[in-house]
1. Run down ASP120, ASP167, ASP102 and say which single residue is surrounded by fewer than 19 Cβ atoms within 10 Å (Cβ to Cβ), closer than 30 Å to ILE277 by Cα and not β-branched (Val, Ile, Thr).
2. Give me the residue from segment 133-147 that is under 17 Å from the mean Cα position of the chain (by Cα) and outside any loop (DSSP other than H, G, I, E, B) and, out of that set, modelled with the lowest pLDDT.
3. Out of all the residues in segment 19-47, which are surrounded by 12 or more Cβ atoms within 10 Å (Cβ to Cβ), in contact (Cβ under 8 Å) with a residue 60 or more places away in the chain and either more than 26 Å from ILE277 (Cα to Cα) or touching a strand residue (DSSP E or B) at 6+ places or on another chain (Cβ under 7 Å) (or both)?
4. Restricted to segment 71-96, and to residues that are assigned to a loop (DSSP other than H, G, I, E, B) and among the hydrophobic types (A, V, I, L, M, F, W, C), which residue is surrounded by the fewest Cβ atoms within 10 Å (Cβ to Cβ)?
5. Quickly run through segment 284-308 and pick out the residues that are within 21 Å of the chain's Cα centre (by Cα) and closer than 13 Å to VAL43 by Cβ.
6. Residues in segment 189-202: is at least one among the hydroxyl-bearing types (Ser, Thr, Tyr) and assigned to a helix (DSSP H, G or I)?
7. How many residues does segment 139-179 hold that are in contact with a strand residue (DSSP E or B) (Cβ under 6 Å, 6 or more places away or on another chain) and charged (D, E, K, R)?
8. When the residues of segment 123-162 are filtered to those that are touching a helix residue (DSSP H, G or I) at 6+ places or on another chain (Cβ under 7 Å) and of a type in the set (Val, Ile, Thr), which remaining residue is farthest from GLY180 (Cα to Cα)?
Amino acid sequence: MLRSAYYAAVSGLTAITGFRGTEPMAAVLASVRYAFNGGSNPVYLAHLSRAFPDLGTRDLERILRGFWRVHQRAFLGLFTARRLGPGNLAGRVEWSGREELDAALAEGRGVVLAVPHFGDERTLHILLAIAGYPMHVVSSRYEEASGFVRRARLGVSMRWHHVGFPDENPAWIFRALRAGEVVQIAPTAWGGPKGHWVRSFGVPVLASSTPMRLAGSTGCAVVTACNHALPGARYRIVLRRFRPESTGPEGTGEMFAGFQRLGEDFPEQYNWMNLVIRHRETNTIARLGRIPADEREVEAAAIREDWDPAVVSDYSVVSRIGGASR
């Protein structure tokens, strides 16, 4: 109920203030989030300290505050995206590497768009669809959420392109690729029993193997993409063709090395919440000695110590539990 009321209030405010009101709102919401997230801030800062060992506390806090502002820009994007269309896209989106996506599509075998948790990945597929690309995305159903929240998270996407869900028959993905279309997938999401073990910012994480497995089985092109969430509901989309030496765990590791460089270059845009969650999952898996099929089982089995940034599971140990490693 509270979550629905919060979404309704933010939806109403963005309807009144429009694009110009988003940055002041993001600033206020980020400050509130930082203040009321006091118990978790040390966890984030400890991970940031590992990622940036040469930075002092003030610089790390600046990155964390900046991340929360970007996080709130992305949240507000759920509501401002309904105002986007072909008529106003040019003034809101900067492009880099668009020709690489076009060239990959021209090959005719479809494109897996590998999108990390960075900036505003949720609005990325909407922007690409509005720009005329034949888009599909794999998304949560948000079954636990109210109808209002679910519509806020999925409604605009469904207006512009197809949305698929993990519990559906994946045959639609192969059909989309055979048709020469684009399927957006988050490699930084829960990897599951078929995941690839990789290293990310000094910790082992279980990554989704889906992009590499699809590339290996279909011959589709792989393009990495990130969407910088800029002030004033503006975006910078960066697209790069990804040609790994292997479509196995080595390829996923190569991809994550690129994502790490992205986080190092643009730390405020990188989603550190995702790293915190993946790190906790790894520690839980290490204790369980197995990889459950359902991420919710891992969440339920987590204990306080699993969140401790100082507890870093041994890569050689967890990589033998399941999945595949480099």
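1. Values: ASP120 fails: surrounded by fewer than 19 Cβ atoms within 10 Å (Cβ to Cβ); ASP102 fails: closer than 30 Å to ILE277 by Cα.
Exactly one of ASP120, ASP167, ASP102 is surrounded by fewer than 19 Cβ atoms within 10 Å (Cβ to Cβ), closer than 30 Å to ILE277 by Cα and not β-branched (Val, Ile, Thr), namely ASP167.
2. We begin by selecting, within segment 133-147, every residue under 17 Å from the mean Cα position of the chain (by Cα); these are 135-142.
Within this subset, residues satisfying the condition of being outside any loop (DSSP other than H, G, I, E, B) are 135-138.
Details: MET135: 98, HIS136: 98, VAL137: 97, VAL138: 94.
Going through the qualifying residues, I end up with VAL138.
3. PHE19, THR22, GLU23
4. As a first pass, look at segment 71-96 and keep what is assigned to a loop (DSSP other than H, G, I, E, B): 84-92.
Applying the additional criterion that residues be among the hydrophobic types (A, V, I, L, M, F, W, C) yields 84, 89-90.
Numbers: LEU84: 21, LEU89: 14, ALA90: 10.
It comes out as ALA90.
5. If the condition is that a residue be within 21 Å of the chain's Cα centre (by Cα) and closer than 13 Å to VAL43 by Cβ, then TRP307 is the only one that fits.
6. Of the residues in segment 189-202, the ones among the hydroxyl-bearing types (Ser, Thr, Tyr) are 200.
Those still in the list that are assigned to a helix (DSSP H, G or I) too: none.
Checked segment 189-202: no residue is among the hydroxyl-bearing types (Ser, Thr, Tyr) and assigned to a helix (DSSP H, G or I).
7. 0
8. Looking at the filtered set, the residue picked out is VAL149.
The values are calculated or read from the model by the stated rules, or taken from the named source; none is laboratory data. Computed from a predicted model, the values in this text were never measured in an experiment. Virtual Cβ from ideal backbone geometry, glycine too; neighbours counted across all protein chains shown.
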